[in-house]
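Read the structure below first, then the notes.
No value in this document is a laboratory result; all are computed from the given coordinates. Because the structure is a prediction, the values reported are computed rather than measured. For neighbour counting, all protein chains shown are included, and Cβ atoms are generated from backbone atoms with ideal geometry for every residue, glycine included.
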Amino acid sequence: MAGMIDVNDLHVTFQNGGKPVRAVQGVSFSVGDGESFGIVGESGSGKSTVLKAIAGLIPSESAGLLVNGKPVSARRAKEDRRQLQFVFQDPYASLHPRQTVDDVLREPLIIHGIGERDEKIVGAIAEVGLSPQHRFRYPHQLSGGQRQRVAIARALILRPPILLLDEPTSALDVSVQAEILNLISRLRKSHRLTIILVSHDLGVVAHLCSRIAIMQLGRLVEIVEANSLRTGQVRQDYTRRLIAASRGFTRMTG
Amino acid sequence: MSETLLSVRNLSVAYPGRSGVTHALRNASFTLGRERLGIVGESGSGKTTAGRAILGLIPKPGIVMADELSFAGEPLLNRSESDWRKLRGRRMSMIMQDPKYSLNPVQRIGQQISETCRLHLGSTRKDAEQRSLAMLEAVKIRDPELVYNQYPHQLSGGMGQRAMIAMMLVAEPDLLIADEPTSALDVTVQNDVLRILDDLVTERGMGLIFISHNLTIVSSFCDRVLIMYGGKIMEECAADDLKKARHPYTRALVAAAPSLDEPRAELATVVRDPAWLA
Amino acid sequence: MTQSLVQWLQDEAPRSRKQAALGNLFRAMRAVVTNPAALTGLIIVTLLILVAILASLLARGISPLSQDLVNRLAAPSAEHWFGTDELGRDIYARTLFGAKVTLTIVMLVSVVVAPIGLAVGTLAGYLGGWVDAMLMRITDIFLAFPRLVLALAFAAALGPGIENAVIAISLTTWPPYARIARAETITIAKSEFIQAVVLQGASTWRILFKHIVPLCLSSVIVRLTLDMAGIILTAAGLGFLGLGAQPPTPEWGAMVSAGRNVILDQWWVATIPGIAIFIVSLGFNLLGDGLRDVFDPKAER
């Protein structure tokens, strides 16, 4: 199986007040074409950092970071940018406050010199389940769920083969989360997308992804199938604790 | 359950605004004994407003109305601010979502907890310190002496929330309102904090109102659950029976949450019926 | 008709980019107009502009330069509404024409200060590293110049005049703007909507000018409006010292200066232009305060 994304021995180190903080240490995995891969972990596990390193948003070191078979680094050519796009966690922070939906969707088309912009914008708006009347609204005129739909439309308008999602629903209500998750799985099929989804919520990751990496304190704990998470057939203790915790509160009896 | 701690009948909260009145809470009625009552709902459902109204914390120009709102037999409506101050912290307390915003950043943890003791229990300095240390130990903080002398920013989220619980429970209130107390915490820490809360509430026979958006936590932690939507209580049911809930909104919420145990190809979306708010 | 226009502007679902932009402008304008302080400021500033444009019309044909030595230092009368000065020139006409001079200074300073401040600040904030260090040290150097002393030096080197006064004022005014723009840029650059355009492959220039500058603009405009009072006062001060506008140009500061010898006997010579300076400064301050309330994102809802 040709890897769509290959991560080999990835390290990310931040400088925090002169002290180096090793946020990601020696993480390796491979995501196949059309696969949906999940990364779960608690805060400080480095899960979002891995995603940002793949996107080239932060500098990283590795023994090889391949996107669609091609080695990439943090400084990327414009063409490489079309390989993958990102959906951020906070729908309130990921849209420019002074730009309408139309402006937001037009920008990538202008940057890459793509024509038939109006048709593409109208198409993208319809595709994520927004109506034409949302086209010229500003972010403050949209709800959280609608903003996240705009963010997804922005990510997909360049037709990238890969979509990276960083906690796309953790700022949303359960009912809105369900709508966005349904939208993501529908678009994944229709666009034949390769997906990496980062979340702290095992339920969300298991719902959307077939293979899941568990991270703790910057390291990869293990990679399991979604079904193994459900049946509890996992090797590591930490994974078991995560599964137990996600089932809710257990009262000690006796 | 025998003793009614809190009795609420037709409690409403309204905010007059430029474009008309916003009804944040409409005719909510429930009672609370020495038990764990959960309130679940999405944002804007009025769950936090309900908690704040009980504690007299509705900011102006909000209007609070009720046919009955009484705590241990005493009416709570139209109390003076000084009356409230005696009541809050002593007999009823609240834990907020993020300890970072609820703890004073420039005061040591210990100071803040013993301050509560001295204020509400009239303890001496020495006694207050001992009570505070004991309380920090009760919330399973390993090194109470160390944490006693630390500032809030030196604590992790879980530790901060424990310190917050210690501060709120040191005066041994009868009623505790916890508003999303574990939402800012990691899942594995969440359970530890919930366990501490559970033990303390059970041991001391307190009444607890647990406000959360998380159905899984509420149904596993509480005895009874109120489900709120658009400022109204949709339904009240035993926590164990949440999966067998009758109201379409509750059922839709349960079906909308992706679950590890019940994989679904497609998540149910909530179709809202205006009749629910009629 | 007006009803439907307002409805069109307030439409929550605009049908074109123009309607969306105009609707946004309408909301901002309405916020300014419903804020009493901002409205007062706006009226004063609008009056200043109107007076400057229509000065010769409003002056009833009296030239601000024509002398009438027989009627020098005449008290306000039906013929000379604000009286005459030591050369018998009509103070009413001179005050009106003085608005032209003040408006010129205000516009020239804005045109120089805002772009320099924005460019230096956003570049330093976005690029960081040595560019930031270098640009901000230059900013510090300019910030250390005493404004009047620099103006004196300019006047000595290049000769007194409005242009040189404007240059001197501008050179000492832009550094705080660079600092504001830099601080805002650093916050904005970290935000996810900027990261999103980075991921789309936008160039640094495009990110700076299309995405960051528009967001810094509002605080720069607010600051500029608030500073305007100070700029007008400095220009008047330079005029008073004889380093700004040169005679016979009707400049308010120079007019106050000319009137100071006779302030006890012929109070109107210095008082009238003084009142003009006061009102215009107040107007800009009120407008600036109001704009800050309007642009404040915390107040936005």
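Please build a GNM for chain C, connecting alpha carbons under 10 Å apart, and tell me which residue among C:Phe284, C:Phe193, C:Phe240 fluctuates the most.
The residue that fluctuates most here is C:Phe193.
Which aspartates and glutamates does C:Lys100 reach when only Cα atoms under 17 Å apart count, and residues fewer than 8 places away in its own chain are ignored?
Straight-distance partners of C:Lys100: C:Asp90, C:Glu163, C:Glu251.
Find how many whole Å separate the alpha carbon centroid of the range B:168-221 from the alpha carbon centroid of the range A:136-210.
Distance between centres, Cα-based: 31 Å.
Residue farthest toward the positive end of the dipole of the range A:94-238, with Cβ of Lys/Arg at +1 and Asp/Glu at -1: which of A:Ala124, A:Val224, A:Val104?
Toward the positive end, the furthest listed residue is A:Ala124.
Need the list of lysines near B:Lys140 for cross-linking: C-alpha distance under 26 angstrom, and skip anything on the same chain fewer than eight residues off.
B:Lys100, B:Lys126
P(r) for the protein assembly as shown: what percent of alpha-carbon pairs falls in each 10 Å bin, starting at zero?
Taking all Cα pairs of the protein assembly as shown, the binned fractions are 2, 10, 16, 19, 18, 15, 9, 6, 3, 1, 0, 0 percent.
For chain A, what does the relative contact order come out to in percent, with C-alpha contacts under 8 Å and a separation of six or more?
25 percent
Kindly put A:Leu242, C:Leu158, C:Leu108 in sequence by how many other C-beta atoms sit within 10 Å of each C-beta, fewest to most.
C:Leu158, C:Leu108, A:Leu242
Treating the Cα atoms of chain C as identical point scatterers in vacuum, please give the log10 of the normalised Debye intensity I(q)/I(0) at q = 0.06 Å⁻¹, two decimals.
-0.27
What do you get when you divide the Cα radius of gyration of chain B by 2.2 N^0.38 Å, with N the number of residues?
Values: Rg = 19.3 Å, N = 278, 2.2 N^0.38 = 18.7 Å.
So the Cα radius of gyration is 1.03 times the expected 2.2 N^0.38 Å.
Give the shape of the range C:30-160 as rounded, prolate or oblate, defined through the alpha-carbon gyration tensor: a ≥ b ≥ c are the square roots of its eigenvalues, a/c under 1.5 means rounded, and otherwise the shape is prolate if a/b is larger than b/c and oblate if not. Don't skip to the end; give the middle numbers.
Values: a/c = 3.81, a/b = 1.80, b/c = 2.12.
Oblate shape, in that a/c is at least 1.5 and b/c is the bigger or equal ratio.
Straight-line reach only, C-alpha to C-alpha below 21 angstrom: list the lysines that C:Lys18 could link to, leaving out same-chain residues fewer than 8 apart.
A:Lys120, C:Lys210
Among A:Val67, A:Val122, A:Val174, which one moves the most in a GNM of chain A with springs linking Cα atoms closer than 10 Å?
Looking only at A:Val67, A:Val122, A:Val174, the largest GNM fluctuation is found for A:Val174.
Once amide H atoms are placed 1.01 Å from N in the peptide plane, what residues at a sequence separation of 5 or more from A:Asp173, or on another chain, have their amide H within under 5 Å of its amide H?
none
Treat the count of other C-beta atoms within 10 Å as a stand-in for reagent exposure and order B:Thr31, B:Thr49 from fewest to most. The partial results should precede the final answer.
Numbers: B:Thr31 17, B:Thr49 25.
The fewest-first ordering by Cβ neighbours comes to B:Thr31, B:Thr49.
If the viscosity is 0.890 mPa s and the temperature 25 °C, what Stokes-Einstein diffusion coefficient in µm²/s follows for the range C:215-261 when Rh is the Kirkwood radius over Cα pairs?
Values: Rh = 11.7 Å.
It diffuses with D of about 210 µm²/s by this estimate.
Quick one: which residues, 5 or more positions from A:Ser28 or on another chain, have an amide H under 5 Å from its amide H? H modelled 1.01 Å from N in the peptide plane, none for Pro or chain starts.
Amide H neighbours of A:Ser28, under 5 Å, 5+ apart: A:Asp9, A:Leu10.
Quick one: divide the alpha-carbon radius of gyration of chain A by 2.2 N^0.38 Å and tell me what you get.
My calculation over the Cα atoms of chain A gives 1.04.
Running a GNM on chain B with Cα contacts under 10 Å, which residue among B:Pro105, B:Pro173, B:Pro258 ends up with the highest mean-square fluctuation?
Per the Cα network of chain B with a 10 Å cutoff, B:Pro258 tops the list.
Taking K and R as +1 and D and E as -1, what net charge do the other residues with C-beta under 14 Å from the C-beta of A:Ser30 add up to?
Working: positive: A:Arg211; negative: A:Asp6, A:Asp9, A:Asp33, A:Glu35.
Its environment carries a net charge of -3.
Apply the Karplus parameterisation 6.51 cos²θ - 1.76 cosθ + 1.60, with θ equal to phi minus 60°, to every residue of the range C:22-36 and state each ³J(HN,Hα) to the nearest whole Hz, in sequence, with x for glycine and proline.
5, x, 5, 4, 4, 4, 5, 4, 5, 5, 5, 5, 7, 9, x
Which value, in debye to the nearest 20, gives the size of the charge dipole of the range C:43-123 about its Cα centre, when Lys and Arg are +1 and Asp and Glu are -1 at the Cβ?
Details: 5 positive and 5 negative charges, 33 e Å.
Approximately 160 debye in magnitude.
Is there a quick way to get the dipole size of the protein assembly as shown? I mean about its Cα centre, with the Cβ of Lys and Arg at +1 and of Asp and Glu at -1; what is the value in debye to the nearest 20? If you can, show how the numbers build up before the last one.
On the way: 87 positive and 76 negative charges, 149 e Å.
Computed charge dipole of the protein assembly as shown: roughly 720 debye.
Using the Cβ atoms and a cut-off under 12 Å, what net charge is assigned to the surroundings of B:Lys86, where Lys and Arg are +1 and Asp and Glu are -1?
Working: positive: B:Arg79, B:Arg85, B:Arg88, B:Arg90, B:Arg91; negative: B:Glu74, B:Glu81, B:Asp83.
Net charge in that neighbourhood comes out at +2.
Need one number: nm distance between label points at C:Phe26 and C:Ile138, each 7 Å from Cα along Cα→Cβ, rounded to one decimal.
My value for the distance between the label points is 4.4 nm.
Rounded to two decimals, what is the ratio between the C-alpha radius of gyration of the range A:177-239 and 2.2 N^0.38 Å? Don't jump to the answer; show the numbers that get you there.
Details: Rg = 12.7 Å, N = 63, 2.2 N^0.38 = 10.6 Å.
Normalised by 2.2 N^0.38 Å, the Cα Rg of the range A:177-239 equals 1.20.
Percent antiparallel among DSSP beta bridges with both residues in the protein assembly as shown, to the nearest 5?
Values: 47 of 84 bridges.
Just about 55 percent of them are antiparallel.
Between B:Lys244 and C:Thr40, what FRET efficiency follows from the Cβ-Cβ distance if R0 is 56 Å, with the result rounded to 0.05?
Numbers: r = 64 Å, r/R0 = 1.15.
The calculated FRET efficiency here is 0.30.
Report the full-extension gain for the segment B:Asn149 to B:Thr124: residue separation times 0.36 nm, less the Cα-Cα distance, to one decimal in nm.
On the way: separation 25, 0.36 × 25 = 9.00 nm, distance 1.85 nm.
Taking 0.36 nm per residue and subtracting the Cα distance, the gain is 7.2 nm.
Sort A:Arg149, B:Arg251, B:Arg264 by Cβ crowding within 10 Å, fewest neighbours at the top. Mind dumping the intermediate values first?
Working: A:Arg149 25, B:Arg251 18, B:Arg264 13.
In increasing order of surrounding Cβ atoms, one gets B:Arg264, B:Arg251, A:Arg149.
Report, for chain A, the % of DSSP beta bridges that are antiparallel, rounded to 5.
55 percent
Treating only the Cα positions of the range B:54-157 as identical point scatterers, give the base-10 log of I(q)/I(0) from the Debye formula at each q in 0.16 Å⁻¹.
Debye intensities relative to I(0), on a log10 scale: -0.84.
What pairs in A:Lys19/A:Lys47; A:Lys189/B:Lys244; A:Lys19/A:Lys52; A:Lys19/C:Lys190; B:Lys47/B:Lys86 have C-alpha atoms more than 29 Å from each other?
Numbers: A:Lys19/A:Lys47 21 Å; A:Lys189/B:Lys244 33 Å; A:Lys19/A:Lys52 21 Å; A:Lys19/C:Lys190 21 Å; B:Lys47/B:Lys86 25 Å.
With Cα atoms farther than 29 Å apart: A:Lys189/B:Lys244.
Can you list residues from other chains, or at least 5 along the same chain, whose modelled amide H is less than 5 Å from the amide H of B:Ser93?
Excluding prolines and chain starts, which carry no amide H, the hits are B:Leu175, B:Leu176, B:Ile177.
Residue-wise, which Karplus ³J(HN,Hα) couplings in Hz belong to the range C:223-238, taking 6.51 cos²θ - 1.76 cosθ + 1.60, θ = phi - 60°, and x for glycine or proline?
Karplus values, whole Hz, x for Gly and Pro: 4, 5, 4, 5, 6, 4, 4, x, 5, 4, 5, 5, 4, 5, x, 4.
Just to verify a number: FRET efficiency for A:Ser210 and C:Leu54, C-beta to C-beta distance, R0 = 60 Å, to 0.05?
Details: r = 75 Å, r/R0 = 1.25.
Plugging the Cβ-Cβ distance into 1/(1 + (r/R0)^6) gives 0.20.
Expressed as a whole number of Å, what is the distance separating the alpha-carbon centroids of the range C:53-81 and the range C:249-268?
Spelled out, the Cα-based centre of one part sits 15 Å from the other.
Can you find, among C:Val32, C:Ser56, C:Ser4, the residue farthest towards the positive end of the dipole of the range C:4-77? Put +1 on the C-beta of Lys and Arg, -1 on that of Asp and Glu.
Most positive-ward Cα: C:Ser4.
For the range A:200-205, take each phi angle, set θ = phi - 60°, evaluate the Karplus expression 6.51 cos²θ - 1.76 cosθ + 1.60, and give the result in whole Hz per residue in order, putting x for glycine and proline.
9, 9, 4, x, 4, 5
I want the local charge near B:Ala72. Using Cβ-Cβ distances under 10 Å, sum +1 for each Lys or Arg and -1 for each Asp or Glu among the other residues.
Once all neighbours under 10 Å are counted, the net charge is -2.
Just to be sure I understand the model, the point goes 7 Å from the Cα along the line to the Cβ. What's the resulting C:Leu282 to A:Ser43 distance in nm?
It works out to 5.2 nm between the two label points.
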